[in-house]
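Please read the structure below before turning to the comments.
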Amino acid sequence: MDRGRFIEALSRRRLLLVPVSCSLSPVSSAAMPRYNHATIEPKWQAYWETHQTFAAPRLPSPGSKKLYALDMFPYPSGDGLHVGHPEGYTATDIVCRAARMQGCSVMHPMGFDAFGLPAEEHAIKTGEHPRSRTEKNIDTFRRQLKSLGFSYDWNRELATTDVEYFRWTQWIFLQIYDTWFDGEAQRGRPIRELPIPDDIRKQGEGAIRAYQDEHRLAYQTEAPVNWCPALGTVLANEEVVNGKSERGSHPVVRMPLRQWMLRITAYADRLEKDLDSLDWSEGIKALQRNWIGRSTGAEVDFYIGEPAPDEPACGEAASAAAEAASPRAGSPQAGSPGPSYAAWKKARDKGGFPRKPEDDVLRIYTTRPDTLFGATYMVIAPEHPFVERLTTASQQSAVKSYCEAATRKSDLDRTELAKEKTGVFTGSYAINPVNGERVPIWVADYVLISYGTGAIMAVPAHDERDFEFAQQFGLPIIQVVAKTSAPDKAALGEAASAAAEAASPVIECLAAEGVAIHSGPYNGLSTAQFKKKIAADLASQGLGREAVNYKLRDWLFSRQRFWGEPFPLLHELDSAGKPTGLVRAVDEKNLPVDLPHLEDFKPHGRPEPPLDKAPDDWLYPVIDGNRYKRETNTMPQWAGSCWYYLRFLDPQNDKAAIDLEVEKAWMPVDLYVGGAEHAVLHLLYSRFWHKVLYDRGVVSTPEPFRKLVNQGMILGENNEKMSKSRGNVINPDEVVAEYGADSLRLYEMFMGPLEATKPWSMQGVNGVFGFLNRVWRLVVDDRAEAMVLSAAVVDRPPTAEENRVLHQTIGAVTADIATLSFNTAISRMMEFTNHFTAASERPRQMLEKFVLLLAPFAPHVAEELWQALGHAETLAYEPWPAFDESLAREDSIEVPVQINGKLRSKLTVPAEADAATLEAAALADQRIAELVAGKQIVKKIVVPRKLVNIVVK
RNA sequence: GCCGGAGUGGCGGAAUUGGCAGACGCGCUGGACUCAAAAUCCAGUGACCGCAAGGUCGUGGAGGUUCAAGUCCUCUCUCCGGUACCA
């Protein structure tokens, strides 16, 4: 049936000739049939639309290859299309048009990423509903895109704001919500398959649900937001500048709010590993790997003793220099490890390393467990849960004010470059498990609560940051790694007296790997050997274990906005109207959850999301006698763009997000082109969703985008980034009006390599416009009174010479399209045109092939010329000109002759001349003979087809 | 700092496995057409020396490998993008 529909589409396309020949008349009636883009382009765009020329079949036609070429769909901003958009769009369009001519089934859709802040801000200001503003912008974008002649199947157009689209975005969210990650199997599984531990089961249904909720890929947490009391709304990070609101410069405070998170970190390993299978540039892969930031090391527990709030403070020293604290038996707070430490160690030796740290230890993560002997202090993040209990009475006020200051700082303030390290001593100590040394514990904001365990052992001799901190606060620095070259004997010998050695000041920080010193039994080991050995030793004593960490954080997936997808979730309320903490997913059959009607879009002045002011009948549904409150957060803009490539394949499906048969036939995306600004987040989020869907059997491929290309940025004529403030923005509409879409397309492809950043040049546009005019005159007599072919167009087969030029062009253009080297493809077509502009005869069938080559690049003028050459149908499905290597081959070539590597003469020889022939010809050459005369020939290098080089003395 | 990418005429950019550096376009110069201009067509156009034939230099810089280097190796400078205390 699907095939039937496709065939029907095909026949419709092929039937239509009558109206076409009629519409030729306006051109022919013109006094002079000059190249006139203003009439040609709308004419063919209308033709393609009427005849559904580019409608894609439901499934690829049997026996043909499929091509799914996807553009990153635009956000329809109020400014309209930017010249950067058509760059990537033209590239994929060329590939698609060429592929159709090469017999591929092509999927080439377009849509709009239409949720977003600007429409909502506009709504707040004017009261106009974001939907109406968004639709107007989409209309502009659609018109502009259509004016450029892209061969999209517009029947598949979608916007992420379409209720029928976000119905399935919500459905996918529910799949994610319903999934937990099985670490053993490394895959997401339905929550009902989550094994429930017995002790949880015993506690009853509530405990089981809580346990499940803890394991879902979508979970709730408290996360800080930028609350602006003056504006009465929560701001996005980019709306906050220097701690003030971007609009109005009002103060912004960070406050915790209940948020939804997606557990993308569970997929970190797969997201990293599967990059290997993708045809993406190494640069982009590196960017993603970097972002994921996998590191391997060890978790180690440092004993700190039982919490004992009433125990008198012991470490009085604010700086470790004065740290000759009086020995006190028992706890680590005493001068030396006592009985309780020994008991703890014994217990660990027997019981092993616990999954979750107990209260008597500080667990740290390090990538350099080989430097454990060099740990001279520890640092915990200001948000670390142990801060309070580790702070001694005398340090209380200092620590408290330090931590408060840290919460006020934004992330940016805390990570400011080259800023001085700050921190404060807690007064407490931990015991280093490898040598029993007491190490002071500090609080400092250079340690992040969100990475690792939020606590570190500091090894100032071998870590730049620790080094800086230690210098700042006069903490000891002990070198435990020597440079690889010569582990000096003396150092090794002295290792026993490491403590004495500690006194000797180290003034340099050596972060590189090397050989262990001052490390007891480990002295002399290389960093790699040491790491391996200590990991095993720590594990066997129950003191540590190997661990992996990622820079990647879980994805903060909720926004306090109106204009986004509502979450299909309900919070159960008790009889008093208070949330019970239980969450219920909206039934699939009740999707979509549409946005409620609001009287206006003005902020309600509370940090809660705008949907909090929705009418009660939306906000408080009653199901089975239970009252619920809807989730009022909305999804971030990323959500809709995470899966649009799937919906394009089956946009009308009201039974499923996508039909599996369709998905199997078209996925993965074969070519995905877009700006590098999405190289990290969009692609990572999208790949993450795809992997969850893969695990849940919704899609059949582990990765969505096989080949990815990032187009380069287009700069203004002054070599600066285009921006309104710089006044160098080029409006595509104006270029189309003056030069036409074909010229715009051609110019953007001719500027340089697709991936390069390159400046705009109106003279360059004029240049390719001139080329299209020359092509036009190659075929059409533009001085005639009517639309007639140039007198030079003749009906005879091409000569060998003509074929040679033609087939060289076919070969080069075909190969260049395959490698996306459009700039060189165009230059080859220019050479063809230059060559035949000078010719007095141009065989028609040669011109036809040339027009077909040009068609993917400049489709409108190509269609018009194709018609002028006597064809009634569109050329969109004409077979691509076949390359015949034997016709392209030159009979005779020029071969340079060098003497001592310098060009001295050139030989014209048969192309297949062998080395002996070439050598003889070179020596026989008059000029060469003169230059060689009287000299001794040392060596002769002869490379057939390439060159002859004679080395003389 | 770290990770990517890139440096070639006046400008945008070409150059299989190392094999004639500067394809193609813009700009510029000269010529044809024109009363003139635009448009178009033809020719020239890396720098320097030379009347010419021809020669010397030349792909950010310095070394190196090679008969031969824009291309490979070492060091180095500059620009662009990403990232930023991730232990």
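The values are calculated or read from the model by the stated rules, or taken from the named source; none is laboratory data. Remember, predicted model here, so these are calculated numbers, not experimental data. Ideal geometry is used to build each Cβ from the backbone, glycine not excepted, and the neighbour counts take in all protein chains shown. These accessible areas exclude ligands, DNA and RNA; they are computed on the full protein's heavy atoms, side chains included. Shrake-Rupley method; radii C 1.70, N 1.55, O 1.52, S 1.80 Å.
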Q. Helix A:762-779 sits at what angle to the longest principal axis of chain A, using alpha carbons and giving 0 to 90 degrees rounded to 10?
A. 40 degrees
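Please give me, ordered by residue number, the trypsin sites (Lys or Arg not before Pro) of the range A:851-942 that lie in loop per DSSP and have at most 15 other Cβ atoms within 10 Å.
Working: sites: A:Arg889, A:Lys902, A:Arg904, A:Lys906, A:Arg927, A:Lys935, A:Lys939, A:Lys940; in loops: A:Arg889, A:Lys935.
Answer by residue number: A:Arg889, A:Lys935.
Note down the magnitude of the dipole of chain A about its Cα centre, charges +1 on Lys and Arg C-beta and -1 on Asp and Glu C-beta and zero elsewhere, to the nearest 20 debye. Before the final figure, lay out each step's value.
On the way: 108 positive and 125 negative charges, 252 e Å.
With Lys and Arg at +1 and Asp and Glu at -1, about 1220 debye.
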Q. Taking the Cα atoms only, what angle lies between the long axis of helix A:130-146 and the longest principal axis of chain A, rounded to 10 degrees?
A. 40 degrees
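What order, most packed first, do the peptides A:919-925, A:690-696 have when packing is the mean number of other Cβ atoms within 10 Å of each residue? Kindly include the intermediate steps, with their values, before the conclusion.
On the way: A:919-925: 16.4, A:690-696: 22.0.
In decreasing order of mean packing, A:919-925, A:690-696 become A:690-696, A:919-925.
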Q) Against the longest alpha carbon principal axis of chain A, how many degrees, from 0 to 90 and to the nearest 10, is the axis of helix A:84-101 turned? A) 60 degrees
**Q.** Relative packing of A:361-367, A:561-567, which averages over residues the other C-beta atoms within 10 Å, highest first
**A.** A:561-567, A:361-367
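Can you tell me, using C-alpha contacts under 8 Å and at least 6 residues apart, the relative contact order of chain A as a whole percent? Don't skip to the answer; put the middle values down first.
Working: 1725 pairs, mean separation 141.6, N = 953.
The value is 15 percent.
For the range A:555-622, what does the alpha-carbon gyration tensor say about shape, rounded, prolate or oblate, given a ≥ b ≥ c as the root eigenvalues, a/c under 1.5 as rounded, and a/b over b/c as prolate? Write out the running numbers ahead of the final one.
Working: a/c = 1.42, a/b = 1.23, b/c = 1.15.
It comes out rounded by the Cα gyration axes.
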Q. According to the square roots a ≥ b ≥ c of the eigenvalues of the Cα gyration tensor, what is the shape class of the range A:131-246, taking rounded for a/c under 1.5, prolate for a/b larger than b/c otherwise, and oblate for the remainder?
A. oblate
Q. Summing -39500 (n - 2.57) over the DSSP H runs of n ≥ 4 in chain A and dividing by its residue number, what mean residue ellipticity at 222 nm do you reach, to the nearest 500 deg cm²/dmol?
A. -10500 deg cm²/dmol
Q | Charge dipole (the range A:594-719, unit charges on Cβ, about Cα centre) - positive-most of A:Gly625, A:Phe601, A:Tyr685 | A | A:Tyr685
Q: Scan around A:Arg627 for amide H atoms under 5 Å from its own, H built in the peptide plane at 1.01 Å from N, and keep only partners 5 or more places away or cross-chain.
A: A:Leu573
Q) On average, how much accessible surface per residue is there in the range A:574-680, in Å², for a 1.4 Å probe, leaving out ligands, DNA and RNA? A) 45 Å²
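Return the percentage of antiparallel bridges among DSSP beta bridges fully within chain A, rounded to the nearest 5 %. Before the final figure, lay out each step's value.
Details: 76 of 99 bridges.
Here the share of antiparallel DSSP bridges comes out near 75 percent.
Sort the following peptides by mean Cβ neighbour count (other Cβ atoms within 10 Å, averaged over residues), highest first: A:424-434, A:568-578, A:60-70. All intermediate terms of the calculation are to be shown ahead of the outcome.
Working: A:424-434: 24.8, A:568-578: 14.7, A:60-70: 17.0.
Most protected by this proxy first, the peptides run A:424-434, A:60-70, A:568-578.
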Q: Kindly identify chain A as rounded, prolate or oblate by the Cα gyration tensor criterion: order the square roots of the eigenvalues as a ≥ b ≥ c, call it rounded if a/c is under 1.5, otherwise compare a/b with b/c, prolate if a/b is larger, else oblate.
A: oblate
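Can you check what the net charge comes to around A:Ser295, using other residues whose Cβ is under 11 Å from the Cβ of A:Ser295 (Lys, Arg +1; Asp, Glu -1)? Before the final figure, lay out the partial values.
Values: positive: A:Arg294, A:Arg368, A:Lys551; negative: none.
Taking every other residue near A:Ser295 into account, the sum is +3.
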Q) Can you pull the percent of chain A's accessible area that's carbon plus sulfur, 1.4 Å probe, other chains left in place? A) 53 percent
Q: State the antiparallel share, in %, of DSSP beta bridges confined to the range A:600-724, rounding to the nearest 5.
A: 40 percent
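Report the local net charge at A:Glu599: Lys and Arg +1, Asp and Glu -1, summed over other residues whose C-beta lies under 15 Å from its C-beta. List each step's numbers first, then the result.
Working: positive: A:Lys602, A:Lys613; negative: A:Glu128, A:Asp600, A:Asp612, A:Asp616, A:Asp617.
Taking every other residue near A:Glu599 into account, the sum is -3.
Given the range A:778-925, what percent of its DSSP beta bridges are antiparallel, to the nearest 5?
Values: 9 of 11 bridges.
Looking only at bridges with both residues in the range A:778-925, the antiparallel portion is about 80 percent.
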Q | Selected from A:Asn590, A:Val481, A:Ala818, residue furthest toward positive end of dipole (chain A; charges at beta carbon) | A | A:Ala818
